[in-house]
Amino acid sequence: NLIQADISRIENIITDYSAMIKDEVLLSKSVSKKFNITRSVLSIIDGYQKVSKESTKFKFISDKDSSSQLFAKGQESFIEQAIKNIIDNAISFAGKDGEIIVSLSSTSNYLSISISDNGPGIKEPNIERIFDRFYSLREVDQLSDTIHSGLGLNIAKQIIDSHGGYISANNISEDNIISGSRFIINLPLGN
């Protein structure tokens, strides 16, 4: 069983790494275009809600009213992949009764996508390490359900960086008690 788990893990690493390299090449050759980020985020959440049924709860918050739309410029499919990688990470740490809150806001030049969960938070003292390739904070017993390659957050960071954006992470805490983690993606507005 241990050998089979290691083989599965290595296969996942190789597959993810190959896809990452392929995506980097495609992204560097692609042409950016303006797209509706509000619609993209709502579509992503809808997809997760259909799959998760009752296990994970999703909530969407926007600083714009329902008629206002925010636009980004770039490769829509890549930015959606970055958002999905972060949501997948949030779901895996939030657990069975997880709650994921996705917030969308903007300033005059940037839009911000915040993805929060009610999991255990980020235990790594150097939070930026979580974006390193092959890095994972999962405990051994958490590996039994799904094998993780430690590439999801790294890929998300590369995609956001290549679009002139920035991604960061922090813990959510109240009265010095950690109640989850928050990932924030900042992207230039696609005016």
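Assorted remarks:
- Residue pairs meeting the criteria (Cβ under 8 Å; at least 6 apart or on separate chains; first of a type in the set (D, E, K, R), in the range 101-126; second open to solvent by less than 30 Å² (accessible area, probe 1.4 Å)): Asp117/Ala90; Asp117/Ala94; Asp117/Gly98; Asp117/Ile100; Asp117/Gly180; Asp117/Ser181; Glu124/Ile130
- Single residue of the range 73-92 satisfying the filter (open to solvent by less than 50 Å² (accessible area, probe 1.4 Å), touching a Gly at 6+ places or on another chain (Cβ under 9 Å) and at pLDDT below 90) that is nearest to Arg39 (Cα to Cα): Gly74
- Among residues of the range 158-181, those that are open to solvent by 60 Å² or more (accessible area, probe 1.4 Å) and in contact (Cβ under 8 Å) with a residue 24 or more places away in the chain, counted: 3
- Set Asp117, Asp63: member being open to solvent by less than 30 Å² (accessible area, probe 1.4 Å), acidic (Asp, Glu) and in contact with a Ser or Thr (Cβ under 9 Å, 6 or more places away or on another chain): Asp117
- Tally, over the range 98-120, of residues that are assigned to a loop (DSSP other than H, G, I, E, B) and within 17 Å of Phe60 (Cα to Cα): 2
The values are calculated or read from the model by the stated rules, or taken from the named source; none is laboratory data. Everything numeric here is computed off the predicted structure, so don't read it as measured data. We place every Cβ from the backbone using ideal geometry, glycine too, and count neighbours over all the protein chains shown. Heavy atoms of the whole protein, side chains included, go into the accessibility calculation; ligands, DNA and RNA do not. Shrake-Rupley method; radii C 1.70, N 1.55, O 1.52, S 1.80 Å.
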